[in-house]
C-alpha cells in the first residue's frame, strides 16, 4: 500500500525566477506501510527525476536509472502537480548526475567520431560502453546499428533493429537525421525486409514526413513491390508536391512502365 507523504503537500516548491523554464534534478517521496498490526512500520522511498519544462507549460519527467543518468520514457506532468509533488535536488545534480550525463555524452560523441572516420571497432567499443550506462540511449543504439551494418554483420544489426523499433524516443523529431540514415543504410546493405520493418515503425510515429514515405518507396522498389512503392510515393507527393526526388522517381516508374 502506498500513500502520499503528508509533508510533501507542504514542502516548498521550486518556482524559477525571471520566467525561466524548469530544468534539472528533482525528487519525489512516497511512504509505504510494511507489515500489519503492532509490527506495522513506515518506510520512505525516494525517487529522482530529470525534469524539463515544455513550451506548453507541462514538465517532462524522466527517471534516473541505476547509473544515475536519465533513461527510459518521459512522462508529462501538469505544472501545478509538478510544483506540489517534486522537490529540487541541485546539489546532487551538480555533484553526481550532471557529470555522469556529460561523461555519457562524451562517450557517444567519441564513438560517432570513430565511426565517421571508419574506425568501426573503436566505435563499437564506445557505443557498447555508452549502452552499458544507458541501454536505451538513442544515439548509441543507432550508432551501434550503423556500425554493424557498415561491417556487414547483418545478424547483429538485426538485433539492434529490434531494440530500436521498440524505442519510441528513437523516432522523435530531434533524431530524424539518425533514423533516416539508419533506414537508408539498411536498404543499401540489401537488408530490404528489415528496412521496410523499420520504416513501417517510423511511419506509425511520424505519418507526415514525406522523406520517410520516399525512403519507404525506395525499399519497396528494391523488394519488387511496385504497388506499395507507388502508394508511398503518392503520399510523399501529397505531403510535399514540390519534392524533386519524388517527381523523378515517379517519372522513372512511368517511363519503365
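Structure notes:
- Test for residue 111: is it out of contact with any strand residue (DSSP E or B) (no Cβ under 8 Å at 6 or more places or on another chain) and under 27 Å from residue 156 (Cβ atoms): yes
- Within region 101-130, tally of residues that are surrounded by 21 or more Cβ atoms within 10 Å (Cβ to Cβ) and without any contact (Cβ under 8 Å) to a residue 24 or more places away in the chain: 2
- Some residue of region 24-38 being touching a residue at least 12 places away in the same chain (Cβ under 8 Å), outside any helix (DSSP H, G or I), within 28 Å of residue 143 (Cα to Cα) and in contact with a strand residue (DSSP E or B) (Cβ under 7 Å, 6 or more places away or on another chain): yes
- The listed residues are 59, 69, and the only one of them that is under 17 Å from the mean Cα position of the chain (by Cα), in contact (Cβ under 8 Å) with a residue 24 or more places away in the chain and crowded, with 16+ Cβ neighbours inside 10 Å turns out to be 69.
- The one condition in (1) surrounded by 12 or more Cβ atoms within 10 Å (Cβ to Cβ); (2) in contact with a strand residue (DSSP E or B) (Cβ under 7 Å, 6 or more places away or on another chain) that residue 45 fails to fulfil: (1)
- Residues located in region 136-151, provided they are farther than 16 Å from residue 116 by Cα and either part of a helix (DSSP H, G or I) or without any contact (Cβ under 8 Å) to a residue 40 or more places away in the chain (or both): 138
- Set 133, 59, 77: member being over 29 Å from residue 182 (Cβ atoms), at pLDDT 95 or above and touching a helix residue (DSSP H, G or I) at 6+ places or on another chain (Cβ under 6 Å): 59
- Residues of region 88-97 that turn out to be touching a residue at least 40 places away in the same chain (Cβ under 8 Å) and surrounded by fewer than 15 Cβ atoms within 10 Å (Cβ to Cβ), as a count: 1
- Unique residue being touching a strand residue (DSSP E or B) at 6+ places or on another chain (Cβ under 9 Å) and assigned to a helix (DSSP H, G or I) when the list is 81, 126, 159: 81
The values are calculated or read from the model by the stated rules, or taken from the named source; none is laboratory data. Remember, predicted model here, so these are calculated numbers, not experimental data. Cβ atoms come from the backbone with ideal geometry, glycine included; neighbour counts cover every protein chain shown.
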